[in-house]
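Q: Before I ask anything, let me first share the structure, which is written out below as structure tokens.
The values are calculated or read from the model by the stated rules, or taken from the named source; none is laboratory data. Just so you know, these numbers come straight off a predicted model, no measurement behind them. In this analysis, Cβ positions are derived from the backbone assuming ideal geometry, glycine residues included, and neighbour counts consider all displayed protein chains.
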Amino acid sequence: MKALITGISGTQMGRKYHLLTMEEGKPVIVESTERTLFNVGEVVDYSGNGLIAVSESKSNTIESLSKEVESASESILREEPYSIAIRDLDEATERMWPKLTHAAKLLLRKLFFSSPIMIRFHNDADGSSGACAIYKGIEGLYQRIGSINSPYWIMHKGISYRKEDAESDMLLFNGISSYEKPLLIIVDFGTSPDSNEGVEAIKDFADVIWLDHHPLQEDAECQKLKYYTNPWQFSSDSNYTAGTLAAVFASTFSDADMKGFIYSSMIGDYSGYRVKYDEAVGTAAILDMLTSDPTIIGSSDKISPKEMLDAISGEKRQELLNFANVTLNEVLDNSFNESKRHETQNGIAIYVLDFEKVKPESKYPLPGRFSSKFLERLEEREKKGVIVIVQAGSYISLRSNVNSRTVSIKKAIETASDNKQGLIESYGGHEYASSVKVSNKDSRAEVIAALVTAIKKMSSENKD
Ligand SMILES: [Mn+2]
């Protein structure tokens, strides 16, 4: 049987050859381990008992295998767009479907050709739900197309693909020879110029599928990538979470049920479409905890989708869920007692908290995400609106549920930054969730006081 050597990994003593061949009219991936030296792109005779060089025309074999891969991929792809049964989302899915299936075809080609694949996902409930969905989707392909090369997974702390990340990915890709370019998949990183250098470094070296749902930014290079997909490009917005996008992407080549991942991503990211099914609330809580602090179940600060899937559906689920709830409730109760409450003229409550005072032993909850949970807890109590200001290290997070026409925390930050020249190093975010980095920890109190003053002033000026 003729086979194409698509990839070589391992050491000189035990080379592992990845081959693409045909069985019963279908392209399949097979592996062979041996010491004889062959090169990537060579055509060999594969009999299950060693490889033999053949004098076959390389280009003919490659061409016909490519065609077979193309048609096999088409038969794997789902025809009708995946439905979540939420109308706005389904309509956005329909608009994105051609682009997502196009990207899926690329992934399938990379899998058939045993190209190295790196998947980086954001370390929160949204990004990790997306990673679990893609993992499930790929897992279902093993039986259909043979011994797939497992992708590498990295839980990415942060929301930009930096030059260092590109360098580390290239180093890893360089350890494996492959006939086709490697593939990088990014889930929930944001669309920001902070990734420009990384994108620039990797874009000729690997193909990139970038799945995001953050607002577009004109000067962000990632959005010019061919396989960049974002609901904002298709008249939808961030409420269509990255986890949903990744799950819908995975559904293009998988029949697995993706709804659980979609619901947990929407709960994790406070999507306007979230439905609080108990099961999904629990999954989101466990994922939020494990991505904040993987040492809760393991010895390293890394975690793979396999480990996450075991945690959310294995026998430890209930125990992990209890631990997450107890830890979180304790921090929330302490936060209420440790925070200082201010009030604007029209009754909007402002809670100021030093996270250091309530921080638990584990890294869960992380301060930024905790601020959203603190706000959610206070919403029941403060009917006229609430804003929380949480300081942790050099950062101050602000969360608000007040209509931005009455009080915009974004504007409050701008005012504080103008009034306290030099004290604020940088800031970002939007009308309901923002964060500030102070230039010097000692000036935090002064910056917070300026923020409270700006909020109070705005609130009295914009009485509804
Ligand atoms: Mn997200």
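Q: Where residues in the range 263-297 are of a type in the set (Asp, Glu) and in a loop (DSSP other than H, G, I, E, B), which of them is farthest from MET118 (Cα to Cα)?
A: ASP269
Q: Considering only residues of the range 272-312 that are within 15 Å of the ligand (Cβ to nearest atom) and under 15 Å from the mean Cα position of the chain (by Cα), which is surrounded by the fewest Cβ atoms within 10 Å (Cβ to Cβ)?
A: Among them, the one singled out is SER292.
Q: Which residue out of SER271, SER195, SER254 is of a type outside the set (Lys, Arg), closer than 23 Å to GLU70 by Cα and in the same structural domain as LEU111 (by TED's automatic domain parsing)?
A: Criteria check complete, one pass: SER254.
Q: Further question: Among the numbered conditions (1) part of a helix (DSSP H, G or I); (2) away from the ligand (no atom under 14 Å from the Cβ), tell me where ASP255 comes up short.
A: Going through the list (1) part of a helix (DSSP H, G or I); (2) away from the ligand (no atom under 14 Å from the Cβ), ASP255 breaks only (1).
Q: Further, regarding this structure: Does any residue of the range 441-457 turn out to be surrounded by fewer than 19 Cβ atoms within 10 Å (Cβ to Cβ), outside any helix (DSSP H, G or I) and modelled with pLDDT under 95?
A: No, the range 441-457 has no match at all.
Q: Also, I was wondering about something else. Consider ASN49 carefully, then state whether it is outside any helix (DSSP H, G or I) and either without any contact (Cβ under 8 Å) to a residue 60 or more places away in the chain or among the small types (Gly, Ala, Ser) (or both).
A: yes
Q: Out of all the residues in the range 298-337, which are out of contact with any strand residue (DSSP E or B) (no Cβ under 8 Å at 6 or more places or on another chain) and part of a loop (DSSP other than H, G, I, E, B)?
A: Hits for the range 298-337 are GLY298, SER299, SER300, ASP301, GLY314, GLU315, LYS316.
Q: Can you name every residue in the range 334-370 that is of a type in the set (D, E, K, R), free of Cβ contacts under 8 Å to residues at least 40 places away in the same chain and closer than 22 Å to LEU287 by Cα?
A: LYS359, GLU361
Q: Okay, moving on. When you look at ALA201, is it more than 27 Å from SER83 (Cβ to Cβ) and among the small types (Gly, Ala, Ser), yes or no?
A: Here the answer is yes, as ALA201 does meet what is asked.
Q: Looking only at the range 137-164, which residues are hydroxyl-bearing (Ser, Thr, Tyr) and touching a Leu at 6+ places or on another chain (Cβ under 7 Å)?
A: Within the range 137-164, TYR152 is the sole residue that qualifies.
Q: Continuing with the same structure: Take the residues of the range 217-238 that are within 15 Å of the chain's Cα centre (by Cα) and free of Cβ contacts under 8 Å to residues at least 40 places away in the same chain: which is farthest from the ligand (Cβ to nearest atom)?
A: Looking at residues that are within 15 Å of the chain's Cα centre (by Cα) and free of Cβ contacts under 8 Å to residues at least 40 places away in the same chain, I get TYR228.
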